[in-house]
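Accompanying notes for the structure given below.
The values are calculated or read from the model by the stated rules, or taken from the named source; none is laboratory data. Everything numeric here is computed off the predicted structure, so don't read it as measured data. When we count neighbours, we look across all protein chains shown, and the Cβ atoms used for this are built from the backbone with ideal geometry, even at glycine. For accessibility, only protein heavy atoms count, side chains too; no ligands or nucleic acids. Shrake-Rupley method; radii C 1.70, N 1.55, O 1.52, S 1.80 Å.
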Amino acid sequence: MGWLSRFKKSQNHKEVREQRLLVISDIHLGEDVIDHGDSDFSDYIQALNRELAGFVAHYRAIAAEWHLVINGDMFDFVKISMSEKDLENADDNTPETVARKLDRIFEIHRPLFKELAELVRSGHRLTLVEGNHDAET
């Protein structure tokens, strides 16, 4: 049987899910983060969340063991724009400021992160490879 077969039998005859690899990159979460105040998120952010969360949910539902690799630039700390209130009395490169930026990304993209958490909770693997926009320097 090739690696694309639905199921493989182990030596003790237990059914084992096939392992498959998904690789995506350059999502750049954060470049879309601007101070929205109390307004609804933009159509772009809603579509991004819907499409990416749907992508992850689709593959999670297939009877295989997935290894999702996000191959760089999941986040975009280079282009993230925070309000002055968020950055008050803070150096842009402090751990506290970076944590606030990351919290804002998690808040805005909650549907995607919930789906990624469900992927891992379901026994699949997730690997994040650091890209040049992922680190706050």
message = Between ARG110, ARG125, which is over 17 Å from VAL23 (Cβ atoms), at pLDDT 90 or above and not acidic (Asp, Glu)?
response = ARG110
task = Select from segment 58-81 the residues that are aliphatic (A, V, I, L, M) and open to solvent by 30 Å² or more (accessible area, probe 1.4 Å) and write down the one among them that is modelled with the lowest pLDDT.
result = VAL78
task = Return the residue satisfying two criteria in turn: it lies in segment 103-117 and is open to solvent by less than 50 Å² (accessible area, probe 1.4 Å) and in a helix (DSSP H, G or I), and of such residues it is nearest to HIS28 (Cα to Cα).
result = ILE105
note = Within segment 33-57, the residues that are out of contact with any Ser or Thr (no Cβ under 7 Å at 6 or more places or on another chain), open to solvent by less than 70 Å² (accessible area, probe 1.4 Å) and modelled with pLDDT under 80 are HIS36, GLY37, SER39, PHE41, SER42
